[in-house]
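The structure appears right after this line, and notes come after that.
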Amino acid sequence: MDASAAQRGFEGPEEGSTAADGPADDATLIAAARIVQQARQDYLDALPIAAAVLQRSTGGTSHVHLANALFLALAGPRACPDVPLAAIAFLAGTGVAARAEAFLAGDERDAEFEARYGEAVAQRHFSVRLARLEILPALGRRCLATIVDRTAQVETEQSLRAEMLRDSLTGLPNRTAFNEAVEGVLADPAFQPGGHGVLVVDMRRFSRVNECVGAIAGDELLITFARRLCSVLRAGDVLARTGGDEFGILMRLEKGLDDALQAAERIRAALVAPFRLSELEIRVDCAFGCALLSGHEELADEVLRNAQFALKRAKASGEIQIYEPNQARAARRRFSIETELRHAIEGGDLQLAFQPLVDLADGTVAGFEALARWSHPRRGAISPTEFIPVAEESGLIVPLGRWALDAALAVVAGWDAAAGAPLPIPVSVNLSAIQLARDDVPSLVADALSRHGIDGARLTLELTESAIVQDPARATKVLHALQELAVRAAMDDFGTGYTSLAYLQRLPIDVLKIDRSFVSDMLADADSVAIVRAILSLARALGMETTAEGIDRPELAEALEQLGCTHGQGFYFARPLAPDAALAYWRARSA
Ligand code: C2E
Ligand code: MG
Ligand code: MG
């Protein structure tokens, strides 16, 4: 047999087809056809997967022309040339019959698809591939079909996936599954903004409970809690464990926000009764945060994060909180301010402004308070009332406070240098309670004073009441150490905190600064006058000086002076000034 004959032999001739190459020896042809058939069968049998040659007859129906044992094991004994594909249960049920019919009728060279057979737990999964056999098209349209059983793999995938989406302790969907459910709602073409909400419920102080009763009882509580939540869900609600002691509920809302609030109330009511664990009875206090699905979310996760944002506020307020985008914007601003403030401190972009402290009796300048200023290249001036709290929250107050102390003393040293001798100008620097708690303030101060050659008596540190209330023992130690350096201490914003009088008496505090809120209300409000009077007589009794903050009108300066207040500070005298302007101000008033 020459090469082309061998090829022709492999591909045909088919049984029953007439040989078109002229008169031939019938016996030879039949023998050749048998050999070819056998060779092809051998080839199919050698394959490790179910394989068959499918053929389309001239009538248009297709059938299995040849199949290996693995194919027959799947498709059954009816998979033979006499039975149309569509009449073979397996091929019809998997959809392979229809796909193969279409494939054979069309022009595609190959096709791959997934097929399923059977129902529910008995369902089997297959990968099917059809590849056209094109040699000798005269023999009709044919293709090689191979089928790989992927059931085990798919089942493993499915159970892995189920595992990935389930919280193992409570059996509830986990955070990933919850987000998928939210995604489903957002992707629904019938989605309506405000038609769905996410409520997050957090067990407050769960970690304390866990510590007290042990992890096993803690787990039991979580399970019981989850079950209680389940019992109050409405049809269609999705409950998931979205965090350690946090549960999320995705719910349909008929009446928008009202519905969400009602649901939260209902759930809260259901959680009031104590939880009975094997040996204990525990009452659980919960916080609720809620976010509606607006459709503006870029990711499903955003909805949950919004609800958690509201939850954070709920923990502080004790009320159910609804997420509002404005608050998130403010939080984002705080966050970016934190990052930018870090750079500003490192890059030396902060300045100090100096506001005069004026002797109310004779109008002379008794010193300056150094106030931090931040002029942001893009956002403009950012008030310390905004960035100081951010600095305190983030811990940046420590480097900021160190900088302020150093920069203030550098300015004072600069004034001295310009005058050629030390000037009698004291300076006050604000010291955050957080810095007092975390930093070694006395050695910091001693170091800065000696570095700039400034006498300790020219420095006052202004602390707020919280510095003392938080850790009285530490505050006492620090204040005494500062006293050793001759540094004075002022109690800033006095009247707004909760300092006990005992501490006020015991601690070396030299000045009480009366908070601006009392001062500015004084002229109109008798209560404020009474408070100012009380603070002034307290200061007198304790031998302290007093500075009234926020004097913005001459009448206030006059009234305070008459009440016996020693010093004042405020826009009436001057706004906080740049170092040069401050020195000029002092010169003009001390002549
Ligand atoms: P504070 O220490 O009580 O400073 C007085 C604040 O009152 C300053 O606000 C000052 O500009 C403002 N003020 C003074 N007179 C008047 C007035 O007549 N009317 C009005 N409306 N306000 C007046 P500022 O500079 O915005 O600082 C706010 C707070 O930020 C300060 O309150 C202080 O607690 C904090 N702060 C500022 N700089 C620093 C700093 O370097 N370190 C620390 N830890 N805190 C600082
Ligand atoms: Mg101050
Ligand atoms: Mg103040």
Modelling each spin label as a point 7 Å along the Cα-to-Cβ direction, I'd like the E155/S375 distance in nm, to one decimal. 7.4 nm
Taking the alpha-carbon distance from K513 and a cut-off under 23 Å, which lysines remain once sequence neighbours fewer than 8 residues away in the same chain are dropped? K477
Can you give the convex hull volume per residue for the Cα atoms of region 492-576, as a whole number of Å³? 87 Å³
Taking a virtual spin label 7 Å from the Cα of S336 along the C-beta vector, which residues in region 372-394 bring their backbone nitrogen under 13 Å of it? 377-380
Provide the FRET efficiency to the nearest 0.05 for the A473-E114 pair, computing r from the beta carbons and using R0 = 56 Å. 0.20
To the nearest 20 debye, what is the magnitude of the charge dipole of region 165-323 about its Cα centre, counting +1 on the Cβ of each Lys and Arg and -1 on the Cβ of each Asp and Glu? 440 debye
Based on alpha-carbon positions alone, could you give the equivalent ellipsoid semi-axes of region 308-361 from the gyration tensor, as √(5λ), descending, whole Å? 36, 21, 8
With +1 assigned to the C-beta of every Lys and Arg and -1 to the C-beta of every Asp and Glu, and no other charges, what is the dipole magnitude of the chain about the Cα centre in debye, to the nearest 20? 500 debye
Charges on Cβ only, +1 for Lys and Arg, -1 for Asp and Glu, centred on the Cα centroid of the chain; of S375, A475, A97, which one is farthest towards the dipole's positive end? A475
Would you kindly compute the Cα radius of gyration of region 449-497 and its largest Cα-Cα separation (Dmax), both in Å? 12.0, 35
Going by amide H atoms built from the backbone, whose H comes under 5 Å of the H on T566, apart from near neighbours? T546
Gyration tensor (Cα only) of region 65-125 to equivalent ellipsoid, semi-axes in Å sorted down, yields 19, 16, 11
What one gets for region 287-402 as the Kirkwood radius, inverse of mean 1/r over different Cα pairs in Å, is 17.1 Å
Within region 238-254, whose backbone N sits under 17 Å from a point 7 Å along Cα→Cβ of E211? 245
Can you sort M164, M544 by how many other beta carbons sit within 10 Å, fewest first? M164, M544
Would you calculate the volume per residue, in Å³, of the smallest convex hull containing every Cα atom of the chain? 280 Å³
Just to check, using Stokes-Einstein with a Kirkwood Rh over alpha carbon pairs, what's the diffusion coefficient of region 334-590 at 37 °C and 0.692 mPa s in µm²/s? 175 µm²/s
The simple spin-label model distance between T58 and S278, using points 7 Å out along Cα→Cβ, in nm, is 8.2 nm
Which of the three applies to region 138-291, rounded, prolate or oblate, going by the alpha-carbon gyration tensor with a ≥ b ≥ c and a/c under 1.5 meaning rounded? oblate
Expected vector for region 501-513, Karplus 3J(HN,Hα) from phi with 6.51, -1.76, 1.60 and θ = phi - 60°, integer Hz, x for Gly and Pro, equals 4, 4, 5, 4, 6, 7, 7, x, 10, 9, 9, 9, 9
Evaluate E = 1/(1 + (r/R0)^6) for H343 and A46, where r is the Cβ-Cβ distance and R0 equals 56 Å; express this FRET efficiency to the nearest 0.05. 0.20
Extension reserve of the A481-I35 stretch, reckoned as 0.36 nm per residue once the Cα distance is removed: 149.8 nm
Estimate the FRET efficiency between A541 and A361 by the formula 1/(1 + (r/R0)^6), using the beta-carbon distance for r and 25 Å for R0, to the nearest 0.05. 0.80
Report the charge-dipole magnitude of region 47-154 in Debye, nearest 20, computed about the Cα centre from +1 at each Lys and Arg Cβ and -1 at each Asp and Glu Cβ. 100 debye
Take every Cα pair under 8 Å in region 165-323 that's 6+ residues apart, average their separations, divide by the length, and report that relative contact order as a whole percent. 31 percent
Which residues' amide hydrogens lie under 5 Å from the amide hydrogen of T242, considering only partners 5 or more residues apart or on another chain, with H built in the peptide plane? F247, G248
In nm, what is the difference between 0.36 nm times the number of residues separating D301 and M164 and their Cα-Cα distance? 47.7 nm
The set of residues whose placed amide H lies less than 5 Å from the amide H of H376, leaving out same-chain residues fewer than 5 positions away, is A381, I382
At 0.36 nm per residue, and after removing the present C-alpha to C-alpha distance, how many nm does the segment from K255 to D188 gain when stretched out fully? 22.2 nm
Estimated D of region 47-154 in µm² per second, where Rh is the Kirkwood radius over Cα pairs and Stokes-Einstein applies at 4 °C, 1.567 mPa s: 94 µm²/s
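Since every read-out is calculated from the coordinates, none of them should be taken as a lab result. If you're wondering where the values come from, they're calculated on a predicted model, not measured in any experiment. Note: ideal-geometry Cβ built from the backbone for every residue, glycine included; neighbour counts use all protein chains shown.
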